[in-house]
Amino acid sequence: MNDEIVLKVEDLSVIYNSSRGPVRATSNVSFELRKGEALALIGESGSGKTTLSLALIRMLAKSAEINAGKVLYTRDGKTRNILDMNDGEMRAFRWNDCAMVFQGAQNAFNPVLRIRDQFLDTARAHGRNDKEWLRQRTLELFKLVRLDPQRVFDSYPHELSGGMRQRTLLALGVLLDPQIVILDEPTTALDILTQRAIIDVLNEMQTRLNFSIIFISHDLALAAEMADRVATMYAGEIVEIGGVNQIFYEPLHPYTLGLLRSVPKLSHGQDELVSITGNPPNLIDPPSGCKFHPRCQFASEKCSREAPPLTEYDAGHQSACWHVDKVIEARKDLYKKKVTES
Amino acid sequence: MTTPILEFENVSRSFKKGRTTIIPVLQNIDLAVNPLEFLCLVGESGCGKTTTGKILAGLLAPSDGRVLFEGQDVAKLKGEDYKRYRRSVQIIHQDPYASLNPTHSIYNILSYPLFRHGYVKNYAQARDRVGELLQRVDLTPVGDVIDKYPHQLSGGQRQRVSIARALTTNPSIIVADEAVSMVDVSIRISILNMLMAMQNDLAVTLVFITHDLALAKYFAWKGRIAVMYLGRVVEIGRTPEITENPQHPYTKVLLSAIPEPDPDRTRTKVHVALRSEDIPRLTELPPGCAFHPRCPWFVEGVCNTHIPQLAPVPRNLGDSDVACIPLTQGAELKLYES
Ligand SMILES: Nc1ncnc2c1ncn2[C@@H]1O[C@H](COP(=O)(O)OP(=O)(O)O)[C@@H](O)[C@H]1O
Ligand SMILES: Nc1ncnc2c1ncn2[C@@H]1O[C@H](COP(=O)(O)OP(=O)(O)O)[C@@H](O)[C@H]1O
Ligand SMILES: [Mg+2]
Ligand SMILES: [Mg+2]
């Protein structure tokens, strides 16, 4: 990882026009992605993770509108706003520059095409007609994802296990050497041992090919293991972003703290877990001020009036909360047991 | 020793597929559910957890073996005794969307079993009892919920309704099958805590089924975990023993593979590599121990020829039983080298 920024998102907002009114699925999101880094977007379902990532490759549903913001992409020293690209440029951008592996996509392969042909089609659609190049490239990638190319190439999707299909997708995703790979819930619905294999393969691929990853997950453990940086999303906003250790050991937002307190840990002795009270908000008519305030143990009158801005407290660590001091006080007991144990 | 409240004696279950294929989903399971214990069944998808839960609750019959309820073979229970068994064991399913009728109000969903089993006689009694049940599952104020329809509630609230429905028959056992898997992380624990409180408040024995070992650990910390693999229980013991001192190779591999929500821990974890990533099909189960083709500590001529039975491990100070011949014969596990 270095400091070269490949993607800079500024103030991005997405609204879905629904029959019940506009859904503010992503509001004023800003973040940067560096070369070779893995950024995790964590948060509950409905917090806008998928919407945000679809906006980055402009594959949103028709009812969606990107109504503010910039998505600045840099390659080889040239920077462009993705939101200004025309359709042809956009097609080239997807795959060549930024590949997305959709949630559950391992079940969405074209069932009548052999894997070989899916690779060929993808390459052709993006102007790579050189068969010898394709052969070399896929062999290399299959080795990287630990699949037997001979066996997989001639198979139809249904002949492969879920884990093998997911690895095939990863190989397909990086076929054209993108700088960014977006993974939506890459291990959800896979079994534990298959998940492990996917995580290991991904780590290896990233080391070898040095792409940047944005991965979306509601699974904090996956973020702890794979991410360099983590962004917590709540009600369509990034409420905290920081290095993985900052987020897990020194959280600065009550929602992140709440999530950490509610996830069971495998190896910490007996857990003392607490849920966050209340339910996730409705994005058609979200709460005033800080959207988390109705569920927040530290909420004051100011929180219901005024939305706190995302503010930097430590190097690279930002939180959107009026009561960061209270979070710092409260987080002390988070790993108490771990400290007293060792 | 007390009589188990529910017990499997050598239970097997298979399903027919087409004319000739038989899928052996559960094989020779012995399992006792003791009164008021927290018992957790864990394992990867397809290992037979749901089938086990359905057989426990009487929704499915075993193909072989016996199920005993308070010591009596349920296949022989008749009339009122059979009805009492069915009322006593209630099951909560994973998907609260699918298991609640969308066209019925919460009041209707909950009052129906109350009338059917004769717990209430009239509307006023039913409203009262439904109100109590909603309070029991923390769906308050009751007036805000009782006349709503399932789609007007959040996923977490719907799952609370499913739990309230399970309580309508005053069960002594609740089988919760992945009951919080579809609920958001931030509210999962409140539902789990509520279920756990029923053990004490309502004298309910809880059988919790999950693929999530960390959740199993939290739920059954004071109870036991049974680890299943391809239709068999491969290890069973007190929860802290299972999670902190796993014995069976499969349990060890599983625990080593799971990421943890703690960057230092999860990144320094030692992962035990399997010899093969392919999960055998139930219709083509390997001979001997079903885990042997993947087991890092495979012993040629033992594991591939003999089916292991649950037994204690001589050198282990804990009290877990495992189905692994080398271990139960007192051997040290040695990594297999081909
Ligand atoms: N096509 C759509 N039309 C209307 N609303 C949508 C659509 N897709 C998502 N939403 C809404 O946008 C919000 C964010 O959804 P999503 O981005 O899928 O969140 P996540 O990926 O975090 O679960 C939710 O309230 C969801 O209901
Ligand atoms: N009615 C059925 N007919 C055929 N196969 C079944 C049936 N029910 C379950 N199975 C099979 O039995 C195995 C175990 O299923 P299940 O008990 O649902 O496992 P789990 O709950 O652990 O995922 C799976 O391979 C499943 O496909
Ligand atoms: Mg999503
Ligand atoms: Mg199941």
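Since every read-out is calculated from the coordinates, none of them should be taken as a lab result. This one's a predicted model, so the numbers in the text were calculated from it and none came from an experiment. A quick note on method: Cβ atoms are made from the backbone with ideal geometry, for glycine too, and the neighbour counts reach across all protein chains shown.
Side notes on the structure shown:
- Count of the range B:1-50 residues, restricted to those that are within 16 Å of ligand 2 (Cβ to nearest atom) and over 23 Å from B:Lys78 (Cα atoms), is 29.
- Matching option when the condition is touching a residue at least 40 places away in the same chain (Cβ under 8 Å) and at the interface with another protein chain (Cβ under 7 Å from one of its Cβ atoms), among B:Glu235, B:Glu277, B:Glu260: B:Glu260
- Within the range A:21-67, considering residues that are without any contact (Cβ under 8 Å) to a residue 60 or more places away in the chain and more than 17 Å from the chain's Cα centre (by Cα), the one nearest to ligand 4 (Cβ to nearest atom): A:Ala61
- Test set (1) within 16 Å of ligand 1 (Cβ to nearest atom); (2) crowded, with 16+ Cβ neighbours inside 10 Å - B:His151 fails condition number: (2)
- Residues of the range B:90-125 classified as crowded, with 17+ Cβ neighbours inside 10 Å, away from ligand 2 (no atom under 16 Å from the Cβ) and within 19 Å of B:Val180 (Cα to Cα), total: 3
- If the condition is being in contact with a Phe, Trp or Tyr (Cβ under 9 Å, 6 or more places away or on another chain) and within 14 Å of another protein chain (Cβ to nearest Cβ), then the range B:291-308 contributes B:Phe291, B:Arg294, B:Cys295, B:Pro296.
- Yes/no for B:Ile29 being crowded, with 16+ Cβ neighbours inside 10 Å and not polar (S, T, N, Q): yes
Each row is one residue, and each column tells you yes or no for (1) buried (at least 24 other Cβ atoms within 10 Å of the Cβ); (2) within 9 Å of chain A (Cβ to nearest Cβ); (3) of a type in the set (S, T, N, Q); (4) not in a strand (DSSP E or B).
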position: B:Asn170; (1), (2), (3), (4): no, no, yes, yes
position: B:Ser181; (1), (2), (3), (4): no, no, yes, yes
position: B:Arg188; (1), (2), (3), (4): yes, yes, no, yes
position: B:Asn193; (1), (2), (3), (4): no, yes, yes, yes
position: B:Met198; (1), (2), (3), (4): no, no, no, yes
position: B:Asp201; (1), (2), (3), (4): no, no, no, yes
position: B:Ile209; (1), (2), (3), (4): yes, no, no, no
position: B:Ala214; (1), (2), (3), (4): no, yes, no, yes
position: B:Trp221; (1), (2), (3), (4): no, yes, no, yes
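- Residue match in the range A:139-152 (condition: assigned to a loop (DSSP other than H, G, I, E, B), touching a residue at least 60 places away in the same chain (Cβ under 8 Å) and out of contact with any Gly (no Cβ under 8 Å at 6 or more places or on another chain)): yes
- Pick from the range A:69-97, criterion surrounded by fewer than 16 Cβ atoms within 10 Å (Cβ to Cβ) and on the phi > 0 side of the Ramachandran plot, ranking: nearest to ligand 3 (Cβ to nearest atom): A:Asp76
- Out of A:Gln195, A:Gln206, sole residue that is surrounded by 21 or more Cβ atoms within 10 Å (Cβ to Cβ) and more than 30 Å from A:Asp325 (Cα to Cα): A:Gln195
- Matching residues, the range A:250-274, being farther than 28 Å from A:Pro309 by Cβ and within 7 Å of chain B (Cβ to nearest Cβ): A:Pro264, A:Lys265, A:Leu266, A:Ser267, A:Gln270, A:Asp271, A:Leu273
- Residues that are within 14 Å of another protein chain (Cβ to nearest Cβ), touching a strand residue (DSSP E or B) at 6+ places or on another chain (Cβ under 6 Å) and either closer than 27 Å to B:Val183 by Cβ or within 9 Å of ligand 1 (Cβ to nearest atom) (or both) within the range A:12-40 comprise just one, A:Ala40.
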